[in-house]
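Novice: After the structure tokens below, expect a handful of questions from me.
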Amino acid sequence: MQILIFTPYIGSHYGGLSKAVKEIAEALGSLKISVDLVTTDANNLDKIQEPLNKWIYEKNYRIRYFSCWHRQDFIVSLPLINWLIQHIADYDIVHTNTVFAPIVSFVHWLCQLRRIPYIVTPHGMLEPWALSYKAWKKRLYYNLFEQPALQKASAIQVIAIAEAHNVKSLGFEHLVVVPNGIHRQEFENMPDSEIFYQQFPITRNKTLILFLGRIDPKKGLDLLAPAFATVHEKFPQTHLVVAGPDNIGFLSTAQHYFLQAGCSDAVTFTGMLTGESKHAALAAANLYVAPSYSEGFSMSVLEGMASGLPCVITTGCNFPEAAMAKAAQIVDINTDDIADALIQSLSFPQEAKAMGDRARDFIFQNYTWDSAAKRLTQVYQLIFDKKPLSENLSYTKPN
């Protein structure tokens, strides 16, 4: 099978989607699936510095970048469109990532024209909160383009069981659940936390609460600010680390939330952390918090849990399985519940540590890229063989 994975952007400034697409491509390639990944050089306000319009060979797949015009995540690339017109028929299955993007809609139309089966991964963009954000624009685009394209897809890959229920409520039946994952080896030997302290000395000798994600309205920083102010008043040694890129110019608004709450002196905005710096931040942290209004299935939540951190996450993170495994505190999307959960973890550190240990084991057993790739390979094979999707691909609970 020849698989083409398409994403309009893969720059690190676009958050978890970028990492997830690369990781699944590599994991699929390790199973001897022939995978090509095509994308653009967009990276929020910057450009990816890679050779354009030529194959770059990664460990288990190859990737091709195309020049584009873009404004944040709105992308136009004539070279990419021309390449797709010439080469899309070389592939047995096309796998697209994200929705509400004209260039992705073009790929779906081209697949229909050439009679090539395609899979769509919305990455949480069909969640209720995501659909309500800039709702009138999305409703028009959805009715004209997204709904027909999704109906004609061979499968819609969702990355959480809760997301499957929400997408199914929109009238779609051909769903498969293939969650995001982690590489176990990256979390078995974490780097020295001193690496993080040297970069951000103000955090030394503090009890660190880590937020790891994009600076974006849906991430719930407006809820976290007053929640952390309450926590900090009770536990003055706490310090909040907000680590993530500012994709849409939301940083000043986010900082103002903490200024208004009266706790900005105990908050450090690090910008985006990657590689060893990110893992050192996870090693230095005492607690992890994700106050999101909406997620598909958060990569950073998986990373926090795989690091053995006690995690406080909202119902918007779409991870009820973690609560069933007693591997995270899952709270409603409001300031008081977030504050109460953080205070509980700080008040009972032994119980919090035990929860973090359970979280680490839970992620290692159920949410790795190897297991995701095996599951997605089953989906590809069924589509390639023109067989119906198997029932056990839709709603499988973790161990």
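The values are calculated or read from the model by the stated rules, or taken from the named source; none is laboratory data. Because the structure is predicted, anything quoted here is derived from the model rather than measured. Ideal geometry is used to build each Cβ from the backbone, glycine not excepted, and the neighbour counts take in all protein chains shown.
So that you can scan it fast, the table gives a plain yes or no per residue for (1) touching a Ser or Thr at 6+ places or on another chain (Cβ under 9 Å); (2) under 22 Å from HIS70 (Cβ atoms); (3) among the acidic types (Asp, Glu):
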| site | (1), (2), (3) |
| --- | --- |
| ILE3 | yes, no, no |
| PHE6 | yes, yes, no |
| LEU17 | yes, yes, no |
| LYS22 | no, yes, no |
| ALA25 | no, yes, no |
| SER30 | no, no, no |
| ALA42 | yes, yes, no |
| LYS47 | yes, yes, no |
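Novice: If you go through the range 1-21, how many residues are within 23 Å of ASP370 (Cα to Cα), touching a residue at least 24 places away in the same chain (Cβ under 8 Å), not in a loop (DSSP other than H, G, I, E, B) and not hydrophobic (A, V, I, L, M, F, W, C)?
Specialist: Residues that pass the stated criteria total 4.
Novice: Can you tell me which residues in the range 117-144 are part of a loop (DSSP other than H, G, I, E, B) and surrounded by 18 or more Cβ atoms within 10 Å (Cβ to Cβ)? Break it down into steps so the answer makes sense when it comes.
Specialist: As a first pass, look at the range 117-144 and keep what is part of a loop (DSSP other than H, G, I, E, B): 117, 122-127, 133-134.
Result: PRO117, PRO122, HIS123, GLY124, MET125, LEU126, GLU127.
Novice: Based on what the data block shows, is ALA281 buried (at least 24 other Cβ atoms within 10 Å of the Cβ), in the same structural domain as ALA229 (by TED's automatic domain parsing), at negative phi and not in a loop (DSSP other than H, G, I, E, B)?
Specialist: yes
Novice: Does at least one position in the range 145-154 carry a residue that is in contact with a Gly (Cβ under 8 Å, 6 or more places away or on another chain), within 16 Å of VAL379 (Cβ to Cβ), surrounded by 19 or more Cβ atoms within 10 Å (Cβ to Cβ) and modelled with pLDDT of 90 or more?
Specialist: no
Novice: Additional query: Kindly establish whether THR335 is among the β-branched types (Val, Ile, Thr), out of contact with any strand residue (DSSP E or B) (no Cβ under 8 Å at 6 or more places or on another chain), within 19 Å of LEU210 (Cβ to Cβ) and surrounded by fewer than 22 Cβ atoms within 10 Å (Cβ to Cβ).
Specialist: Considered against the rule, which asks whether it is among the β-branched types (Val, Ile, Thr), out of contact with any strand residue (DSSP E or B) (no Cβ under 8 Å at 6 or more places or on another chain), within 19 Å of LEU210 (Cβ to Cβ) and surrounded by fewer than 22 Cβ atoms within 10 Å (Cβ to Cβ), THR335 comes out as yes.
Novice: Still on this structure, I have one more. Just to be sure before I move on: is SER292 buried (at least 24 other Cβ atoms within 10 Å of the Cβ) and assigned to a helix (DSSP H, G or I) in the structure I sent? I'd like the intermediate steps shown before the answer.
Specialist: Working: buried (at least 24 other Cβ atoms within 10 Å of the Cβ): yes; assigned to a helix (DSSP H, G or I): no.
Considered against the rule, which asks whether it is buried (at least 24 other Cβ atoms within 10 Å of the Cβ) and assigned to a helix (DSSP H, G or I), SER292 comes out as no.
Novice: Does the range 176-206 hold any residues that are β-branched (Val, Ile, Thr) and buried (at least 17 other Cβ atoms within 10 Å of the Cβ), and which are they?
Specialist: Answer for the range 176-206, where residues must be β-branched (Val, Ile, Thr) and buried (at least 17 other Cβ atoms within 10 Å of the Cβ): VAL176, VAL177, VAL178, ILE182, THR203.
Novice: Here is a follow-up. Given the conditions (1) β-branched (Val, Ile, Thr); (2) touching a strand residue (DSSP E or B) at 6+ places or on another chain (Cβ under 7 Å); (3) in the same structural domain as SER264 (by TED's automatic domain parsing), and given that ILE215 satisfies all but one, which numbered condition is not satisfied?
Specialist: (2)
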